[in-house]
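One structure is given below, encoded as structure tokens.
The values are calculated or read from the model by the stated rules, or taken from the named source; none is laboratory data. Bear in mind that the values here come from a model prediction, so they are computed numbers and not experimental data. Note that we place each Cβ from the backbone using ideal geometry, even for glycine, and neighbour counts take in every protein chain shown. These accessible areas exclude ligands, DNA and RNA; they are computed on the full protein's heavy atoms, side chains included. Shrake-Rupley method; radii C 1.70, N 1.55, O 1.52, S 1.80 Å.
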Amino acid sequence: MGRIAYVNGRFVPHGEAVVHIEDRGYQLADAVYEVWALFDGKLADAEGHFARLERSLSELSIPEPMSRRALTIVLKEAVRRNRVRDGLVYLQVSRGVAPRDHAFPAGQVRPAVVITVKAVDRAAAEARAAKGVSVVTTPENRWGRCDIKTVGLLPNALAKQKAREAGAAEAWFVDELGFVTEGASSNAWIVDGEGRLRTRDTNANILRGVTRLTLLDVIREEGLQVDERPFTPDEAVAAKEAFITGAGTLVLPVVSVDGRKVGDGVPGPVATRLRRLYIARAKATAI
Ligand code: PDD
């Protein structure tokens with residue numbers, strides 16, 4: 001890696017280059033990046049990379065941190081300061097620094113910009129090219145591992161923002177078969193027409209919510225019937241009640257889905273009771 005990095009307007013020694021712990025790129029993968037190859041100190045395919053960068057930023061509604069002209073100057077200055085002729089320039093632009101919240105920060109937040117430069121041994125690269133390389137195959141699972149509580153939360157952040165813009169508190173993801181998987185930061189539940197609790201099973205591509213698991217215990221202790229079985233948004237609307245669970249929301253009644261009332265459109269007795277029971281249990285067992 002080169003010796004000088006660019007971080008938010010300043011060139012700093014690489015070893016001292018740091019970003020804020022609440023940078024949304026760090027916490028939510030709410031960021032984009034580009035990599036240019038360098039030939040003789042010059043940016044290869046510059047136009048294509050700038051165009052894709054601008055598209056990526058625009059797709060995420062992250063403002064351009066500076067004009068293309070200004071960015072070119074900063075990228076070239078980073079290359080010059082690192083005295084790299086053949087190598088790579090890495091640029092990352094995050095939505096910026098804001099208190100952790102999935103939805104976009106309110107008000108103007110300056111995008112955070114990081115640039116690093118690294119040298120490449122072209123002779124070694126050519127030798128490798130002359131020999132050729134092998135590949136292995138792997139299932140396309142980007143990102144089919146929602147069971148891992150990773151900070152790769154960009155889809156969740158975008159979903160939460162969609163909810164916020166619609167005046168809602170949470171977004172429920174719906175899979176290709178039309179079933180609700182879970183919320184952007186919570187698990188999803190209903191109390192169906194027969195009074196049975198329903199939440200998606202954890203063999204599905206969802207996070208194994210700890211609150212969900214504890215609540216399943218509470219539900220069984222209460223002698224209530226529960227099915228770990230998916231439901232559709234229509235079933236949620238036709239249900240008696242709906243609610244979400246998570247460390248952030250605990251047990252939170254849901255009164256509408258996509259603008260359609262659930263039950264009477266007010267928190268139902270089961271969710272209200274489960275909230276009380278969950279909080280009591282959580283308080284009693286907290287260490
Ligand atoms: N989110 N599903 C997703 C995608 C979540 O991010 C969360 C929690 C849950 C519920 O898990 P638990 O009951 O273990 O908190 C389900 C936390 C609260 C967050 O990101 O802020």
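Quick look at the values:
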quantity	calculated
For the chain, the spread of Cα positions along each principal axis, largest first, Å	72, 46, 40
Estimated inter-spin distance, Ser67 and Val135, nm [label 7 Å along Cα→Cβ]	4.1 nm
Computed over the stretch 4-120, Cα set: Rg, Dmax in Å	14.1, 43
Mean ellipticity per residue at 222 nm, deg cm²/dmol - from DSSP H runs of n ≥ 4 across the chain, formula -39500 (n - 2.57)	-9500 deg cm²/dmol
Relative contact order of the stretch 206-271, defined on C-alpha pairs under 8 angstrom at six or more residues apart (%)	28 percent
Directionally averaged projected area (convex hull, Cα atoms, the stretch 1-73), nm²	5.7 nm²
Long-range amide H partners of Asp30 with built H, under 5 Å	Gly25
Normalised contact order of the chain, rounded percent, pairs of Cα under 8 Å and 6 or more residues apart	14 percent
Radius ratio Rg over Rh of the stretch 125-285, counting only Cα atoms, Kirkwood formula for Rh	1.13
Cα→Cβ-extended label distance, 7 Å offset, between Glu16 and Arg273, nm	6.3 nm
5 angstrom amide H check on Phe104, placed H, neighbours 5+ away	Gln161
Value of relative contact order over the stretch 125-285, rounded to a whole percent, pairs C-alpha under 8 Å and six or more apart	18 percent
Theoretical FRET efficiency, 1/(1+(r/R0)^6), r = Cβ-Cβ of Glu59 and Ala127, R0 35 Å, to 0.05	0.35
Rounded accessible area per residue of the stretch 228-287, 1.4 Å, Å²	57 Å²
Spatial extent of the stretch 99-188: Rg and Dmax, with the Cα atoms as the point set, Å	20.5, 58
More than 15 angstrom apart: percent of Cα pairs within the stretch 74-127	60 percent
Highest to lowest packing among 15-22, 243-250, scored as the average C-beta count within 10 Å	243-250, 15-22
Cut-off under 5 Å, modelled amide H: who pairs with Ala171 long-range	Ala184, Ser185
